[in-house]
Amino acid sequence: MQAKILITGATRGIGFAAAQALADRGARVIIASRDAQRAQLAAEKIGDAASAIALDLTGEHSVTTATDHIALTHGHIDVLINNSAILLDHYESLLDLSIETLLETFNTNVAGTLRVTQAILPLLRKAHSPRIINVSSSAGQLDGEAQAWAPAYSISKTALNMLTQQLTAALPDMIINSMCPGWCRTEMGGNDAPRSPEQGADTITWLALDAPDSLKGKFIKDRSVIPW
Ligand SMILES: NC(=O)c1ccc[n+]([C@@H]2O[C@H](COP(=O)([O-])OP(=O)(O)OC[C@H]3O[C@@H](n4cnc5c(N)ncnc54)[C@H](OP(=O)(O)O)[C@@H]3O)[C@@H](O)[C@H]2O)c1
């Protein structure tokens, strides 16, 4: 059966690469973007297996409208890929970080992810074996040396990982994981990154279609479990 997969932030970068790879594997992908026209163009690039939806994680009305539309047109969702994120504070010091930047980052990367997940849950519950993939980052890892890079973004990704743990506890029948794509050449990652968006998307595709049902509540990179 053709898996129905919703991917947020999928008009470019890792999200688009994941959408393309999943469509190539026979999935039906729904490309979400804040901008309906951008989403439509991205879906057209992929072809018949893709459709588009306007969705802004930070807006209650936008999320509700998108969910209602997806319910009408697709009926259910097998896999939700929470890929959207913002990085506002690349090289800013935590000591100068404005609370507004921290809250804006959290509003998209953490609260926005939860908002979409809560809204899509009824559609996931109609699936045979629903999966949620939260695209996180090793920037949020608590393991290893303390790092000063992008404090608001990093703190938000640590919170996203805890959101994954909390969702796993709240939804024991669903397969929910966080993953890190590695440093990739995208608008967020810049041109110097060693990985292509396609390489970054590989573990997303694997988690969506191939990973065993027993792999849940974990943080994954390159198809392997890594420490939180
Ligand atoms: N690139 C890297 O090196 C790297 C490394 C580790 C983790 N990651 C993670 O991988 C994911 C994808 O990153 P990327 O590098 O592909 O980033 P990107 O090119 O900047 O894409 C981010 C996407 O997020 C979407 N977005 C932002 N705010 C949104 C909102 N309010 N509502 C809905 N969508 C929103 C944007 O979609 P629209 O503008 O179309 O709405 C955009 O397509 C992110 O979660 C990122 O944190 C990336």
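Values in this text are rule-based calculations from the coordinates and carry no lab data. Just so we're clear, the structure is a prediction, and the values are computed from it rather than from any experiment. With ideal geometry, Cβ positions are generated from the backbone for all residues, glycine too; neighbour counts draw on all protein chains shown.
So the values come out like this:
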read-out: Flag for I70 being assigned to a helix (DSSP H, G or I), over 17 Å from the mean Cα position of the chain (by Cα), within 15 Å of the ligand (Cβ to nearest atom) and within 20 Å of I133 (Cα to Cα); value: yes
read-out: Residue in segment 25-52 that is nearest to the ligand (Cβ to nearest atom), counting only those that are free of Cβ contacts under 8 Å to residues at least 24 places away in the same chain and assigned to a strand (DSSP E or B); value: A52
read-out: Pair list, Cβ < 7 Å and 6+ apart or interchain, from segment 95-115 residues that are within 19 Å of N83 (Cα to Cα) to residues that are near the ligand (Cβ under 10 Å from one of its atoms) and of a type in the set (V, I, T); value: T105/I86; N107/T58; T108/T58; T108/I86; N109/I86; G112/T58; R115/V63
read-out: D56 being more than 24 Å from A119 (Cα to Cα), within 14 Å of the ligand (Cβ to nearest atom), in contact with a helix residue (DSSP H, G or I) (Cβ under 7 Å, 6 or more places away or on another chain) and part of a loop (DSSP other than H, G, I, E, B); value: no
read-out: Per-region count, segment 14-24, residues within 9 Å of the ligand (Cβ to nearest atom), in contact with a strand residue (DSSP E or B) (Cβ under 7 Å, 6 or more places away or on another chain) and farther than 17 Å from I120 by Cβ; value: 1
read-out: Residues being of a type in the set (S, T, Y), more than 10 Å from the ligand (Cβ to nearest atom), part of a helix (DSSP H, G or I) and out of contact with any Lys or Arg (no Cβ under 7 Å at 6 or more places or on another chain) - total across segment 155-197; value: 2
read-out: Tally, over segment 87-119, of residues that are surrounded by fewer than 20 Cβ atoms within 10 Å (Cβ to Cβ), under 24 Å from L207 (Cβ atoms) and touching a Phe, Trp or Tyr at 6+ places or on another chain (Cβ under 8 Å); value: 1
